[in-house]
1. Quick one: which helices (runs of 4 or more DSSP H) sit completely within the range 1-107 and have at least 3 residues that are farther than 24 Å from residue 491 by Cα and under 28 Å from the mean Cα position of the chain (by Cα)?
2. Determine whether residue 315 is in the same structural domain as residue 262 (by TED's automatic domain parsing), aromatic (Phe, Trp, Tyr) and within 12 Å of the ligand (Cβ to nearest atom).
3. Quickly run through the range 405-421 and pick out the residues that are touching a Phe, Trp or Tyr at 6+ places or on another chain (Cβ under 6 Å) and either assigned to a strand (DSSP E or B) or within 11 Å of the ligand (Cβ to nearest atom) (or both).
4. Examine the range 553-571 for a residue that is assigned to a loop (DSSP other than H, G, I, E, B), at pLDDT below 90 and either open to solvent by less than 90 Å² (accessible area, probe 1.4 Å) or among the aromatic types (Phe, Trp, Tyr) (or both), and state whether such a residue exists.
5. Condition test on residue 210, is it more than 10 Å from the ligand (Cβ to nearest atom) and either within 29 Å of residue 558 (Cα to Cα) or part of a loop (DSSP other than H, G, I, E, B) (or both)?
6. Being in the same structural domain as residue 476 (by TED's automatic domain parsing), touching a helix residue (DSSP H, G or I) at 6+ places or on another chain (Cβ under 7 Å) and within 15 Å of residue 465 (Cβ to Cβ) is true for just one of 547, 504, 574. Which residue is that?
7. In the range 331-349, is there at least one residue being free of Cβ contacts under 8 Å to residues at least 60 places away in the same chain, of a type in the set (A, V, I, L, M) and over 25 Å from residue 218 (Cα atoms)?
8. Among the residues of the range 325-353, how many are among the acidic types (Asp, Glu), modelled with pLDDT of 95 or more and away from the ligand (no atom under 14 Å from the Cβ)?
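The values are calculated or read from the model by the stated rules, or taken from the named source; none is laboratory data. Everything numeric here is computed off the predicted structure, so don't read it as measured data. Cβ atoms come from the backbone with ideal geometry, glycine included; neighbour counts cover every protein chain shown. What goes into the accessible areas is simple: the full protein's heavy atoms, side chains included, and nothing from ligands, DNA or RNA. Shrake-Rupley method; radii C 1.70, N 1.55, O 1.52, S 1.80 Å.
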Amino acid sequence: MLFRELVDTYERLEATSSRLEMTEILAEAFRRFDPAEIRMAVYLTQGQLYPDFVPLKLGMADKLALKAIAFASGAGEPLVQELMRKEGDPGLVAYIVFQSKKQTTLFSEPLTLKRAYETLEAIARAEGGGSQEHKVKLLAKLLSDASPSEAKFLSRVITGRMRLGVSTMTIVDALAVAFASKEDRDAVERAFNVSSDLGLVAETLALHGLEGVKGIRVQVNRPLRAMLAERMSSPEEILERMGGRCAFEYKYDGVRLQAHICDGEVRLFSRKLDELTAQFPDVVAGLKRAVHARSAIVEGECVPVDTNTGEFLPFQEVSHRRGRKYGVHEAVEDYPVKLFLFDCILKDGEDLTDKPFLERRAALTSIVVPDETVALSEIRLLSSPAEVQAFFQEAIRDGCEGLMAKSVAENSVYRAGNRGFLWIKYKKEYRSEMTDTVDLVVVGAFAGRGKRRGLYGALLMATYDPATDTFQTVSKLGSGFDDATLAALPEMLANDRLAARHHLVDSKMEADFWFQPRLVLEVRGAEITLSPIHTCCFGAIRPDAGLAIRFPRFTGRFREDKEGRDATTSQEILAMYQAQLKRVE
Ligand code: ATP
């Protein structure tokens, strides 16, 4: 398949911001693509080479990519750098310089998708002494055989800036339309949620149709997307929703881990599917001791503990363990953790995602022998608000955040990648005067004044609305930042800078800077109010107003484990607003 076919599709996608049109363009393209190569096409459309859980990532430094562009086009580095300062996008730079080159040179043979993909792969894999030059050479060679449009997208994808505005769920829609029907979308999404691999889903659909995709099951060493919870603010509401009786568990405040165990080997994955095995050797050893099964996928929350008192420590302590390459051994001693297991997704090769919760819990209990590093979550089956309230108090006393209610109905399956009412969180903040913290995504920023001149004065923060796949503004955030963080923000957001508002951002405000909605910050607010200028749940309470968070403060916690679409949803803010009203009444 020619790379040009994919690039033509990208050009068409770039020209629209309608999700429906994007779906149609992609579906039409997927039907035309060679099934044997569709996997590569899907990963590249996602701006990557592999599924999320494979650590090898694209993301060549701009400097190197520009060098390759200058070399391949013969434009010279000073011109390329000047264009970069002006355009801020290596893709556009490449397009411009290759456009002018086009008139003087003839193309060699057309670029195939396979060659483009394999060269990008070789660039991503190159490491060690001399690898930087090698990367530049490989890219320059590829670019010199590319058309201006091909060079544009190659330069974007290699620098981690694909940004077609196509969400994963749009690709899911398009795959369903291309190879089955709109009505079969849920089956396609399920296959993605249990495999976390859109390339695999696309290839299976293209080669074996819907039946093939229905056969995609959970597999050890291939993390699945986490099941998520809704929130509610009283035991009465929760019990009513759950049919009068359900399981309640302690809600531990730490880091969620998905452990894959196979023939004595253990691998750990984060909620975002990053591999964390190397950061938690103590948990790996603990699981090897505690879990007795040939193969298993178990899930739990990893909490920092004070080994002297046995008490839990603030979750921030676990962050000392994440992202570490060196000093892991010291960190294990300085920041000990304990894993509380709460689900069993696979046992001895059997996929348990379709089993009701209590069966999965029984499977978990049958394979785990708890010890000081690995334990089972505290659990009780309750049916009266008074019992729930008492259990909630015990959870708080023991240093937990609150309770997780879990449906025990026949249909209480493990819904990978879904947020729903099969699990409901009930947190302590609802009981106090303060509102809960929320996780908001940065979509824009305002230029600083006075002491903050040259930096960002405030950030424009948004919630996510899954119903419309948009980001809705909810707050202008300026407090809670220390000087070092303030100074670091422009750099942290540099790669997310956009020339204009992102098309999925719904804002009535004009920010000075706009960003790709990616960076998620934990924010504590004093209250939620109605606001005519914010778009979160606009019209839900009053036709001319949205919801806003008043007196927001950054808690200091960057939610690196979350992506833009994992931010607190607009609907959650609405539920919090309603809960807050009830308390006032
Ligand atoms: P979310 O995961 O819902 O997007 P979040 O990461 O901000 O939001 P919370 O809203 O505090 O987390 O609650 C959900 C998280 O609670 C789960 O993702 C999991 O990491 C954690 N958790 C702690 N104890 C349990 C438990 N017993 N069962 C399930 N999840 C638990």
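1. Fully inside the range 1-107 and qualifying: 3-14, 19-32, 38-45.
2. For residue 315, the condition - in the same structural domain as residue 262 (by TED's automatic domain parsing), aromatic (Phe, Trp, Tyr) and within 12 Å of the ligand (Cβ to nearest atom) - is met.
3. If the condition is that a residue be touching a Phe, Trp or Tyr at 6+ places or on another chain (Cβ under 6 Å) and either assigned to a strand (DSSP E or B) or within 11 Å of the ligand (Cβ to nearest atom) (or both), then 405, 406 are the ones that fit.
4. No: zero hits.
5. Spelling it out, it is not the case that residue 210 is more than 10 Å from the ligand (Cβ to nearest atom) and either within 29 Å of residue 558 (Cα to Cα) or part of a loop (DSSP other than H, G, I, E, B) (or both).
6. 547
7. Looking through the range 331-349, at least one residue is free of Cβ contacts under 8 Å to residues at least 60 places away in the same chain, of a type in the set (A, V, I, L, M) and over 25 Å from residue 218 (Cα atoms).
8. 3
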